[in-house]
1. How large is Rg/Rh for the chain, to two decimals, with Cα atoms and a Kirkwood Rh?
2. Distances over 13 Å make up what percent of all Cα-Cα pairs in the stretch 1-68?
3. Any idea how many Lys pairs in the chain come in under 17 angstrom at the alpha carbon, given 8 or more places apart or on separate chains?
4. Taking only Cα atoms and a 10 Å spring cutoff, compute GNM fluctuations for the chain and point out the largest among Ser75, Ser41, Ser30.
5. Projected onto the charge dipole of the chain (+1 at Lys/Arg Cβ, -1 at Asp/Glu Cβ, origin at the Cα centre), which of Gly45, Thr84, Tyr16 gives the Cα projection farthest towards the positive end?
6. Keeping all protein chains in the complex and leaving out DNA, RNA and ligands, what accessible area do you get for Glu87 with a 1.4 Å probe, in Å² to the nearest 10?
7. Each residue of the stretch 98-107 in order: what ³J(HN,Hα) in whole Hz does its phi give by Karplus 6.51 cos²θ - 1.76 cosθ + 1.60, θ = phi - 60°, with x for Gly and Pro?
8. Could you give the size of the charge dipole of the chain about its Cα centre, using +1 on the Cβ of each K and R and -1 on the Cβ of each D and E, expressed in debye and rounded to the nearest 20?
Amino acid sequence: MTDMTGMWGYPQTAGYQAGNDLTGYKVEASDGAIGKVDKHSDEVGSAYIVVDTGVWIFGKHVLLPAGTVKSVDVSARKVYVSRTKDEIKNAPEFDKEKHLGDEDYHRNLGAYYQTPRNMPR
């Protein structure tokens, strides 16, 4: 997974401290709230957050590679990600039962988030 290394690790500038429990933190996309952290991992090379989107995407969960995390505000209990709601909504569908340890899914998802999504308005 050498091409995805940066996508599956928290950026140094994000302010994430290894071992911090992000469960329950609110998650903000670049254009608004998307839900709360249901689960997270800070495993080297495959770090991620799983977001419970609640009613926003009809109770689905989405997996976001740690590389999408822009910043963590511990005092406000918020995680800010550098993607829009539409980018997150249009990502490959996530199934907690199937995809958490699935390398192919991680590779596809990493590629999705590494590809620029600048859409004309």
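1. Details: Rg = 13.2 Å, Rh = 14.3 Å.
The Rg/Rh ratio comes out at 0.92.
2. Values: 1470 of 2278 pairs.
The share of Cα pairs beyond 13 Å in the stretch 1-68 comes to 65 percent.
3. Lysine pairs meeting both conditions in the chain amount to 23.
4. Among Ser75, Ser41, Ser30, the largest mean-square fluctuation in the Gaussian network model of the chain belongs to Ser75.
5. Projecting each Cα onto the dipole axis, the largest value belongs to Thr84.
6. Ignoring ligands and nucleic acids, Glu87 comes out at about 40 Å².
7. Listing the rounded values in order: 9, 9, 4, x, 8, 4, 4, 4, 4, 5 Hz.
8. Numbers: 15 positive and 17 negative charges, 98 e Å.
Taking the Cα centre of the chain as origin, the dipole is about 480 debye.
The values are calculated or read from the model by the stated rules, or taken from the named source; none is laboratory data. Please read all numbers here as calculations on a predicted model, not as lab measurements. Here the Cβ is made from the backbone with ideal geometry for all residues, glycine too, and neighbour counts use every protein chain on show. When the accessible area is computed, the model is the full protein with side chains, heavy atoms only, and any ligands, DNA or RNA have been set aside. Shrake-Rupley method; radii C 1.70, N 1.55, O 1.52, S 1.80 Å.
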